[in-house]
Amino acid sequence: MAPTRTATRGALLALLLVGASARSTSLKPALVTTPRSADALAVPSTFDVDGALARNVVQKSIPRGGEEEMTLAARLKVGGYFALWYILNVVYNILNKKYLNVIPAPLTVGSLQFGVGALYSVLLWSTKLRAAPTLTPEGKSAVNKVGFYHMSGQELSMMSLGAGAVSFTHIVKALEPFFSAVVSALVFGKWMHPVVYLTLVPVVGGVAYACLKERGFSWLAFYTAMGSNLAFALRAVVSKSALSAGSELGENLNSVNLFGLVTIVAFFQSIPLFLLGEGLNFIDLWKSALGDSTSADLVKGLVISGLFHYLNNEVMYLALSNVHPVTLAVGNTLKRVFIIVASVLVFRNPVSVQAAIGSAIGIGGVLLYSLTKQYYEELEKKAAEEAAKPKGRFGRK
């Protein structure tokens with residue numbers, strides 16, 4: 001199956017858009033550190049996920065909601081990141097579905113996609129289009145861990161898609177915000193208001209209901225999808241901690257460079273996995289695919305799908321550098337609605353009333369989450385301002 005010229009042109013356009021977005025943040029730290037929060041940037045020597053992973057890094061530098069107070073321009077920029085992330089992810093899912101149908105080897109295809117992203121990052125650094133990052137020992141440890149979570153989450157997702165119905169995998173993966181909420185609270189040591197967590201219910205429930213088209217239950221699909229949720233939650237939280245640590249973990253370690261390093265690590269870690277899982281079977285699958293396509297067409301298609309896989313995740317990291325991991329997980333869950341819409345437009349799948357209702361509930365839940373979170377953050381901010389006011393002789397203001 002040969003890739004269309006539209007996909008090739010789309011990849012070039014995506015490169016320009018992502019490059020422009022990344023350039024605006026390439027010389028800026030992930031978070032602007034204020035004097036009040038400067039003492040919070042002490043990186044744990046182990047950087048382990050053991051209940052105190054990044055608490056010392058972000059406990060004071062990140063508010064309870066996990067996001068710095070943003071201006072209107074900053075909100076519009078973050079909104080642009082989410083929009084671009086959705087577009088790139090929809091294109092990636094379409095291309096990935098097409099080529100996995102031709103070459104049903106998810107572990108090998110996933111590893112090759114990591115390799116494309118790793119090569120892309122190295123080319124940018126070697127040509128000095130981006131300043132190459134350098135890592136401290138703590139930074140190397142953090143990148144290795146994030147790389148493992150990234151590789152595990154991606155490979156487990158592809159295994160789940162291959163083991164059961166696509167809709168079933170999306171239902172299970174709609175639970176990601178709950179994983180992210182728990183992991184974020186344990187790592188950052190800060191919990192949001194309970195009502196904010198309750199607003200995740202319509203987000204997850206609505207998207208799950210929209211995806212509930214087939215009921216082909218598979219324990220392998222269930223376990224791998226749940227494992228993917230945990231891996232991606234850990235990836236987001238540990239990445240946020242690394243971005244918040246500033247120069248303590250290395251130089252030029254902004255969001256796009258961090259993801260480049262993570263992709264390289266994920267590529268090398270995925271090689272033993274696909275060799276053990278699929279090994280020489282990939283060669284036979286490749287030969288059988290040549291009946292409908294040439295080798296050049298297949299290589300070109302895999303490169304383009306790998307490029308879209310990398311770019312959509314790089315933009316996701318640009319968004320993560322500005323928002324809380326739970327907010328990112330909510331956006332990731334809502335993204336499934338856009339994938340459903342794209343599948344309707346591209347593959348001519350009919351939209352059921354159930355899918356429409358579930359999508360509407362999910363979108364409404366995202367709006368409710370955003371407004372509720374903003375409301376309680378404002379209350380907390382006012383309470384902090386009141387507590388900071390000087391008091392009179394007898395404790396009165």
Does Leu298 count as open to solvent by less than 10 Å² (accessible area, probe 1.4 Å) and part of a helix (DSSP H, G or I)?
yes
Which listed residue, of Ala225, Ala221, Ala231, is in contact with a helix residue (DSSP H, G or I) (Cβ under 6 Å, 6 or more places away or on another chain), open to solvent by less than 30 Å² (accessible area, probe 1.4 Å), assigned to a helix (DSSP H, G or I) and closer than 18 Å to Gly117 by Cβ:
Ala231
Mind checking which residues of region 170-191 are closer than 18 Å to Glu380 by Cα and surrounded by fewer than 22 Cβ atoms within 10 Å (Cβ to Cβ)?
Ala185, Gly189, Lys190, Trp191
Every pair of residues 6+ apart whose Cβ atoms lie under 8 Å, when the first sits in region 357-374 and is over 16 Å from Ala174 (Cβ atoms) while the second is surrounded by fewer than 14 Cβ atoms within 10 Å (Cβ to Cβ):
Thr372/Val195
Cβ-Cβ under 7 Å, sequence separation 6+ or interchain: first residue in region 229-250 and over 16 Å from Pro137 (Cα atoms), partner outside any helix (DSSP H, G or I) and among the hydroxyl-bearing types (Ser, Thr, Tyr). Which pairs?
Ser244/Ser61
Does Gly79 satisfy being open to solvent by less than 30 Å² (accessible area, probe 1.4 Å), modelled with pLDDT of 80 or more, in a helix (DSSP H, G or I) and not charged (D, E, K, R)?
no
Among the residues of region 339-355, write down those that are assigned to a helix (DSSP H, G or I), within 23 Å of Ile94 (Cβ to Cβ) and either modelled with pLDDT of 75 or more or basic (Lys, Arg) (or both).
Gln354
Does Leu119 satisfy being within 19 Å of Tyr92 (Cα to Cα), at pLDDT 90 or above and surrounded by fewer than 20 Cβ atoms within 10 Å (Cβ to Cβ)?
yes
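Considering only region 212-231, state which residues are modelled with pLDDT of 90 or more and in contact with a Phe, Trp or Tyr (Cβ under 7 Å, 6 or more places away or on another chain).
Matches in region 212-231: Leu230, Ala231.
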Looking only at region 270-285, which residues are among the small types (Gly, Ala, Ser) and part of a helix (DSSP H, G or I)?
Ser270, Gly277
Could you list, ordered by first residue, the pairs with Cβ atoms under 6 Å in which the first is in region 285-299 and modelled with pLDDT of 80 or more and β-branched (Val, Ile, Thr) and the second is open to solvent by 70 Å² or more (accessible area, probe 1.4 Å) and part of a helix (DSSP H, G or I), at least 6 apart or interchain?
none
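The values are calculated or read from the model by the stated rules, or taken from the named source; none is laboratory data. Nothing here was measured: the structure is a model prediction, and the numbers come from that model. Cβ sites come from the backbone with ideal geometry, for glycine too, and all protein chains shown count toward neighbours. In case anyone asks, the SASA skips ligands and DNA or RNA and just uses the protein heavy atoms, side chains included. Shrake-Rupley method; radii C 1.70, N 1.55, O 1.52, S 1.80 Å.
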